[in-house]
Amino acid sequence: MEKFTKLTSIVAPLDRANVDTDQIIPKQFLKRIERTGFGEFAFFDWRYLEDGVPNPDFILNEDRYSTANILVGGRNFGSGSSREHAPWALMEMGYKAIIATSFADIFRNNCMQNGLLPVILSESEVDTIMARALRGSGYKVTVDLDTQTVTDDQGLSAKFDVDPFRKNSLLEGLDDVGITMSLGEAIDSFEEKRTARWKSYQGVFITHCKLRW
């Protein structure tokens, strides 16, 4: 997992509430066992017309948002099924952070496990970012995980909360497997001690059985 520290990027606005995971990555594309190959199918029903041509009315298809690494959305982003493919697809589209007023819990956890930072701000702060992203070409914000702030050059300065454990994991670029692997020496030491203790218990048990026999 890539480390997340500080990101300055154009903001892509998706002014919709209750964007569920079936819209983020429809179920018919969940046939791959790898984590890659989902980006082109993200928001498929909104992003493309029936003949497969990009939908000119879908805002994320606009050229001015093509290099955006930050997505701002409505409330309850990532609701629906728990598919981990949703953050995979969003990351392949280039997004590294998502700003919204609320996220579905499982989706939020899946994001953090893959290095995609979900940022919860107040409704007024999200509305400000959304309006500026919709209005201005090239509107950028900076998401700083270390200071837990979102800022822009127009006076916005917003604080967000993040679980300390997940914050450290993102800063270090470690998912749960990576955290376990980083404790390799401690795990090996524990296993050696446990094996030695188990062998001593075996010896006592065998001696006890012989005495009883």
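The values are calculated or read from the model by the stated rules, or taken from the named source; none is laboratory data. Small disclaimer: the values here were computed from a predicted structure and weren't measured. Every residue, glycine among them, receives a Cβ derived from its backbone with ideal geometry; neighbour counts consider all protein chains shown. Surface accessibility is based on the protein's heavy atoms, side chains included, excluding ligands, DNA and RNA. Shrake-Rupley method; radii C 1.70, N 1.55, O 1.52, S 1.80 Å.
With all protein chains kept in place, the per residue accessible area of the chain amounts to 57 square angstrom at a probe of 1.4 angstrom.
Using 0.36 nm per residue and subtracting the Cα-Cα separation, the extra length available between S82 and R16 on full extension is 21.8 nm. Restricting region 1-46 to GluC sites (Glu not before Pro) that sit in a DSSP loop and have at most 13 other Cβ atoms within 10 Å of their own Cβ leaves E2, E34.
Round to a whole number: what % of the accessible area of the chain belongs to carbon and sulfur, probe 1.4 Å? Before the final figure, lay out the partial values.
Numbers: 6260 of 12190 Å².
Roughly 51 percent of what the probe reaches on the chain is carbon or sulfur.
Out of the trypsin sites (Lys or Arg not before Pro) in region 1-30, which ones are loop residues according to DSSP with at most 12 other C-beta atoms within 10 Å? Before the final figure, lay out the partial values.
Values: sites: K3, K6, R16, K27; in loops: K3, R16.
Of the trypsin sites (Lys or Arg not before Pro), the ones in loops of region 1-30 whose Cβ has at most 12 other Cβ atoms within 10 Å are K3.
Assuming R0 = 45 Å, can you tell me the calculated FRET efficiency for the pair E185 and S124, based on Cβ-Cβ distance, to the nearest 0.05?
Working: r = 48 Å, r/R0 = 1.07.
Rounded to the nearest 0.05, the efficiency is 0.40.
How high is the FRET efficiency from T195 to T147, r the C-beta distance, R0 45 Å, rounded to 0.05? With R0 = 45 Å, the Cβ-Cβ based efficiency is 0.50.
Nearest 5 percent is fine: what portion of the DSSP beta bridges confined to the chain is antiparallel? If you can, show how the numbers build up before the last one.
On the way: 12 of 25 bridges.
If we restrict to bridges inside the chain, about 50 percent are antiparallel.
For K159, a cut-off of 26 angstrom between C-alpha atoms picks up these lysines, skipping any fewer than 8 places away in its own chain: K3, K6, K96, K140, K167.
The orientation-averaged shadow of the Cα convex hull for the chain, equal to a quarter of the hull surface, comes to 16.5 nm². Counting 0.36 nm for each residue step from R64 to L49 and taking away their Cα separation leaves a gain of 3.4 nm.
On alpha carbon coordinates alone, what is the Rg over Rh value for region 50-176, Rh being the Kirkwood radius? The partial results should precede the final answer.
On the way: Rg = 14.8 Å, Rh = 15.4 Å.
That ratio equals 0.96.
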